[in-house]
Amino acid sequence: MKTLINFLEDHSKNNPTKIAIITKNNTLTYQELSERSSQFQNSLNNFSKNSVISLMFENSIDFVVSYIGTLKAGLTAHILSPNISRNNLLFQIDNSNSQLLVTENLDFSSLQNTNSLIKIKQFSEMFSKNNCTHLEILPNDFAHLLYTSGTTSEPKGAGITHSNILFTLNNIVSVLGYSPSDISLSPLPLSHSFGLGCLNTNLYTGGQLILVNNASNLDEILEAIQKFNVSTLAAVPATLIKLLKFHKNQIQNELKDLRLLITNSTFIPPEIVSKYKKILKNGNLATYYGLTEASRSTFMIFENHLNNNTSVGKPAPHVEIKIENKHNDVGEIWIKGSNVIKEYWNNSVDNQNFIDDWIKTGDLGYFDKDGFLYLSGRLDDVVNIGGEKVFPEYVEKIIKQNNDIEEVIIIGQKHNVLGHTLKAFVKLNPQSTLKKSDILSFCLKNLEKHMVPLKIELVDEFPVTDYGKIKRFLLSSEDLKK
Amino acid sequence: MKLLSNNFDLEKEIKNIFFEIFPNLSLSEFDWNKHQREYSNWDSFAQLHLIALAESKFNIEIDFDNSINFTSAKDLLECVKSLL
């Protein structure tokens with residue numbers, strides 16, 4: 001079986017001068033990537049096959065060279081965000097049993113005065129011109145290790161094998177139509193599955209990828225789209241919303257020729273989907289649903305004639321999805337396929353989520369009659385109120401129908417009589433004069449009685465992850481502290 | 001905290017809470033001393049909704065003991081008065 005490395009070497013042989021990666025100040029051809037990653041590989045000759053090497057970089061050419069060099073050496077690339085917290089860094093280094101940390105001009109004072117014995121090397125020290133050792137890489141060898149960002153619990157390590165990667169890349173290409181002629185732009189962190197998938201797709205097809213370091217730098221994104229005649233853009237929903245808010249007129253022109261705008265399974269407001277459908281005159285808006293440990297399990301291409309803007313699509317080719325433990329039609333999403341990892345990294349507790357090749361995702365969802373999957377929240381979020389199961393996302397959806405409300409998060413609170421009741425954290429639109437009692441009155445009119453939140457708290461902002469997801473568990477824990 | 005100019009305003013607000021929670025309750029049926037059991041739909045959720053509305057309108061916190069003890073509009077009025 002071929003691996004990603006084989007495809008890359010083919011491109012290097014067949015199109016050596018073609019540019020593979022473009023950054024703000026630099027470019028890298030396929031031949032340069034092949035040669036430089038081999039030099040990096042050679043510097044890792046002392047490590048035994050399948051050892052774990054940690055890489056901590058901004059989005060850069062040096063990261064791409066390090067990542068590919070580590071894979072070529074038959075080692076596992078443990079990829080870390082440069083913005084990682086000290087505790088998380090120490091946890092991951094310990095849990096992954098990493099042998100070496102390679103980085104570039106980053107501050108490692110956080111590792112001082114700890115028990116960590118990991119070696120740290122700068123990228124510039126990692127080149128050797130010795131001859132390459134050609135290793136046989138097996139499909140089930142681990143290629144990279146990513147820890148899930150964890151909106152509800154401690155990080156969990158997901159070791160992704162070479163065969164996991166190739167299976168997912170085949171699906172991405174067959175469903176979304178990536179080809180060598182694509183010029184793709186990604187402002188996503190390469191330390192996240194979405195961003196890393198964009199890089200791998202490009203290296204698999206032999207296309208060109210433009211890396212932007214900061215998704216908030218909308219001007220740089222728009223400038224690059226125009227300058228390089230970009231055909232596909234990958235962005236999280238928050239970026240899409242900001243582009244509409246701050247560059248509404250500009251994007252009408254600059255995005256109209258995109259072939260594909262791909263986003264991910266964080267909730268996208270349906271009106272945002274509708275607006276982008278209109279802007280993309282010659283292309284499609286698409287999304288996918290997946291976990292780091294079950295990458296790209298569904299794909300959704302938003303079609304103009306279909307009214308399913310809140311769906312995450314249908315299962316990817318050769319991926320099975322079922323809904324277990326249903327309450328009405330909603331239940332836990334289970335996934336099976338060659339994109340699913342076998343187990344978590346050194347984590348016997350969470351390995352209980354794997355049953356007979358299925359992964360229990362902890363996500364709640366349902367299928368419509370046409371086979372489209374919809375997400376309904378997290379299993380952990382279900383609140384039992386006097387024996388009635390309540391899905392917070394359903395309550396949130398109803399409350400958000402009030403035009404004065406910008407965002408709402410519902411959590412369960414312990415209650416002496418009913419077991420639990422609901423609390424709503426509400427962010428109002430800036431001009432709103434709504435009072436807590438008005439919100440409660442709206443809930444009383446529009447929700448079943450057991451779903452009415454008994455406490456309302458007005459907030460200015462919600463705590464979010466680096467990736468823009470609201471940290472529900474923080475709201476719960478903050479609330480418990482009170 | 002909502003400023004109420006007099007007891008009349010407070011009583012009016014409490015009455016409004018009852019009319020909101022019990023939409024079928026007419027003005028003529030309202031009685032400050034009418035007991036919980038005389039309402040056809042005063043169940044545990046209605047009890048909690050009465051408290052939640054009172055808390056949000058007057059920006060007060062009604063503790064658990066008080067919240068399970070009141071059985072009439074008058075009880076809620078007295079409870080709110082004691083917290084303002």
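Laboratory data are not the source of any read-out in this text; all were calculated from the coordinates shown. This is a predicted model, so every value here is computed, not measured. For neighbour counting, all protein chains shown are included, and Cβ atoms are generated from backbone atoms with ideal geometry for every residue, glycine included.
List every residue whose amide H lies under 5 Å from the amide H of A:PHE142, counting only residues 5 or more places away in sequence or on a different chain, with H placed 1.01 Å from N in the peptide plane.
none
Mind putting a number on the dipole of segment A:4-373 about its Cα centre? Charges go on the C-beta only, +1 for Lys and Arg and -1 for Asp and Glu, and I need it in Debye to the nearest 20. Display every interim value, and only then the final one.
Numbers: 29 positive and 33 negative charges, 132 e Å.
The dipole of segment A:4-373 has a size of about 640 debye.
Of all GluC sites (Glu not before Pro) in segment A:316-396, which ones are in loop regions per DSSP and have a Cβ with at most 15 other Cβ atoms within 10 Å?
On the way: sites: A:GLU320, A:GLU324, A:GLU332, A:GLU343, A:GLU388, A:GLU393, A:GLU396; in loops: A:GLU343.
Loop-located and lightly packed - none at all.
Can you give the angle from 0 to 90° between the axis of helix A:436-446 and the longest principal axis of chain A, with both taken from C-alpha atoms, to the nearest 10?
So the helix axis and the longest Cα principal axis differ by about 80 degrees.
Rounded, prolate or oblate, given the Cα gyration tensor of chain A, with a/c below 1.5 counting as rounded?
Details: a/c = 1.82, a/b = 1.48, b/c = 1.22.
It is prolate, given that a/c is not under 1.5 and a/b is the larger ratio.
For each pair in A:LYS121/A:LYS227; A:LYS156/A:LYS449; A:LYS449/B:LYS34, compute the distance between the two Cα atoms and list the pairs where it is over 28 Å. Could you put the intermediate results ahead of the total?
Working: A:LYS121/A:LYS227 36 Å; A:LYS156/A:LYS449 38 Å; A:LYS449/B:LYS34 22 Å.
With Cα atoms farther than 28 Å apart: A:LYS121/A:LYS227; A:LYS156/A:LYS449.
Shape call for segment A:382-481 from the C-alpha gyration tensor, a ≥ b ≥ c root eigenvalues: rounded (a/c under 1.5), prolate (a/b greater than b/c) or oblate? All intermediate terms of the calculation are to be shown ahead of the outcome.
Values: a/c = 1.75, a/b = 1.14, b/c = 1.54.
Oblate, since a/c reaches 1.5 and b/c is not below a/b.
On C-alpha positions alone, give me the angle between the axis of helix A:237-246 and the longest principal axis of chain A, in degrees, nearest 10.
80
How long is chain B along each principal axis, judged by its Cα atoms, biggest number first, in Å?
Principal extents (Cα only, largest first): 32, 28, 18 Å.
Within 14 Å, Cβ to Cβ, of A:THR287, how many net charges do the neighbouring residues add up to if Lys/Arg are +1 and Asp/Glu are -1? Show your work: numbers first, answer last.
Working: positive: A:LYS277, A:ARG296, A:LYS314; negative: A:GLU303.
Every neighbour counted, the sum reads +2.
What pairs from A:LYS2/A:LYS322; A:LYS322/A:LYS369; A:LYS242/A:LYS275 go past 19 Å between their alpha carbons?
On the way: A:LYS2/A:LYS322 30 Å; A:LYS322/A:LYS369 14 Å; A:LYS242/A:LYS275 13 Å.
Table pairs above 19 Å Cα-Cα are A:LYS2/A:LYS322.
Restricting attention to segment A:141-230, which chymotrypsin sites (Phe, Trp or Tyr not before Pro) occupy a DSSP loop and are surrounded by at most 16 other Cβ atoms within 10 Å?
Values: sites: A:PHE142, A:TYR147, A:PHE167, A:TYR178, A:PHE194, A:TYR204, A:PHE228; in loops: A:TYR178, A:PHE228.
Answer in residue order: A:PHE228.
Mind giving me the FRET efficiency for A:LYS242 and B:ALA46? R0 is 30 Å, r the Cβ-Cβ distance, nearest 0.05 is fine. Display every interim value, and only then the final one.
Details: r = 44 Å, r/R0 = 1.46.
After rounding to 0.05, the efficiency reads 0.10.
So what's the angle, to the nearest 10 degrees on a 0 to 90 scale, between helix A:4-14 and the longest Cα principal axis of chain A?
In chain A, helix A:4-14 runs at an angle near 50 degrees to the longest axis.
Which shape class, rounded, prolate or oblate, goes with segment A:345-394 when its Cα gyration tensor gives a ≥ b ≥ c as root eigenvalues, a/c under 1.5 marks rounded, and past that a/b bigger than b/c marks prolate? Walk me through the numbers before you get to the answer.
Details: a/c = 2.78, a/b = 1.30, b/c = 2.13.
Here segment A:345-394 falls in the oblate category.
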